[in-house]
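This report concerns only the one structure given below.
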Amino acid sequence: MRHTLSVLLQNEAGALSRVTDLFSTRGFNIESLNVAPTKDYAVSRLTLVTNGSDETLEQIMKQLSKLVDVVDLRNMTGRDHIIRELVLFKLRLTTGTRAQLGELVAEFGGSILVEHEGHFTIEITSSGPRIDGFLEAAGRIAETDALVRSGAMAVSRGEPMSWRG
């Protein structure tokens, strides 16, 4: 099962390394990782996506909780939450037209940022499956020259969680 964790972490040298080392030494895979400071610059929010059984997740959560740099830890999987990724595509039209590409980008809520010598840089912010859908649809009219994904970012809906940041 896919699990999304939201971690508040001290914004200090080595803190992220200790989290990733924990996964590595125990043989857990990190599917996606996104880290940035919060409004409290001393604390960063880390969104981490991993796969495993509920028992594996429980073990991960216990081990993460023991790290001195972890301020708070939440499993977003069982909560009402929103997950988004940012992706930048560099596409080159092969069988389609600029108009077709523009319609496709609009359908997926994206933007064409740059058009230069037949190459288009496109930005989309959406869920992972929707981004995958765009990539599949775009593949019918264009070739992907480059793709950069931010990794998942998650936030709970409604009332904020009881932590700072």
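Only residues that are open to solvent by less than 70 Å² (accessible area, probe 1.4 Å), assigned to a strand (DSSP E or B) and within 15 Å of I141 (Cα to Cα): list them for the stretch 87-120, please.
Matches in the stretch 87-120: F89, L91, L93, H119, F120.
Among the residues of the stretch 127-148, write down those that are in a helix (DSSP H, G or I) and open to solvent by 70 Å² or more (accessible area, probe 1.4 Å).
Residues satisfying the conditions are P129, R130, D132, E136.
What's the number of the condition K66 fails, among (1) open to solvent by less than 70 Å² (accessible area, probe 1.4 Å); (2) without any contact (Cβ under 8 Å) to a residue 24 or more places away in the chain; (3) not hydrophobic (A, V, I, L, M, F, W, C)?
Here K66 clears every test but (1).
Taking the criterion of being hydroxyl-bearing (S, T, Y) and under 27 Å from R45 (Cα atoms), would at least one residue in the stretch 127-145 satisfy it?
Yes, the stretch 127-145 contains a residue that is hydroxyl-bearing (S, T, Y) and under 27 Å from R45 (Cα atoms).
So how many residues does the stretch 60-70 have that are in a loop (DSSP other than H, G, I, E, B) and out of contact with any helix residue (DSSP H, G or I) (no Cβ under 7 Å at 6 or more places or on another chain)?
Selection size over the stretch 60-70: 1.
When the stretch 52-62 is examined, which residues are found to be touching a Phe, Trp or Tyr at 6+ places or on another chain (Cβ under 9 Å) and surrounded by 15 or more Cβ atoms within 10 Å (Cβ to Cβ)?
Step one: of the stretch 52-62, the residues touching a Phe, Trp or Tyr at 6+ places or on another chain (Cβ under 9 Å) are 52, 56, 59-60.
Once the filter is applied, which keeps residues that are touching a Phe, Trp or Tyr at 6+ places or on another chain (Cβ under 9 Å) and surrounded by 15 or more Cβ atoms within 10 Å (Cβ to Cβ), the stretch 52-62 yields G52, T56, I60.
Can you name the number of the only condition in (1) out of contact with any His (no Cβ under 9 Å at 6 or more places or on another chain); (2) open to solvent by less than 70 Å² (accessible area, probe 1.4 Å); (3) assigned to a strand (DSSP E or B); (4) within 30 Å of E143 (Cβ to Cβ) that V49 fails?
Only one criterion is unmet by V49, namely (1).
Can you tell me which condition L86 does not meet? The list is (1) more than 17 Å from L33 (Cβ to Cβ); (2) touching a residue at least 12 places away in the same chain (Cβ under 8 Å); (3) of a type in the set (A, V, I, L, M, F, W, C), and all the others hold.
Result: L86 passes all but (1).
When you check R149 against the structure, is it under 30 Å from L73 (Cβ atoms), of a type outside the set (G, A, S) and without any contact (Cβ under 8 Å) to a residue 24 or more places away in the chain, yes or no?
Numbers: under 30 Å from L73 (Cβ atoms): yes; of a type outside the set (G, A, S): yes; without any contact (Cβ under 8 Å) to a residue 24 or more places away in the chain: no.
No; evaluated as a whole, the condition is false for this residue.
Could you list, ordered by first residue, the pairs with Cβ atoms under 6 Å in which the first is in the stretch 1-15 and free of Cβ contacts under 8 Å to residues at least 40 places away in the same chain and the second is of a type in the set (G, A, S), at least 6 apart or interchain?
N11/A42; N11/S44
Counting only residues that are in a strand (DSSP E or B), basic (K, R) and open to solvent by 40 Å² or more (accessible area, probe 1.4 Å), how many does the stretch 71-86 have? If you could, list the steps in order and put the result at the bottom.
So the first thing to find is which residues in the stretch 71-86 are in a strand (DSSP E or B), and the list is 71-75, 81-86.
Retained after the next criterion (residues that are basic (K, R)): 74, 84.
In the following step, the residues that additionally are open to solvent by 40 Å² or more (accessible area, probe 1.4 Å) were identified as 84.
Going through the stretch 71-86 one residue at a time, the tally reaches 1.
Considering L57, L5, which residue is in a strand (DSSP E or B) and over 30 Å from E143 (Cβ atoms)?
Working: L57 fails: in a strand (DSSP E or B).
One residue alone meets the criteria, L5.
Can you pull out every residue in the stretch 27-46 that is open to solvent by 50 Å² or more (accessible area, probe 1.4 Å) and within 19 Å of R149 (Cβ to Cβ)?
If the condition is that a residue be open to solvent by 50 Å² or more (accessible area, probe 1.4 Å) and within 19 Å of R149 (Cβ to Cβ), then N29, E31, L33, V35, R45 are the ones that fit.
The values are calculated or read from the model by the stated rules, or taken from the named source; none is laboratory data. Everything quoted here is computed from the prediction, not taken from an experiment. Every residue, glycine among them, receives a Cβ derived from its backbone with ideal geometry; neighbour counts consider all protein chains shown. Areas reflect the complete protein model, heavy atoms only, side chains present, ligands, DNA and RNA absent. Shrake-Rupley method; radii C 1.70, N 1.55, O 1.52, S 1.80 Å.
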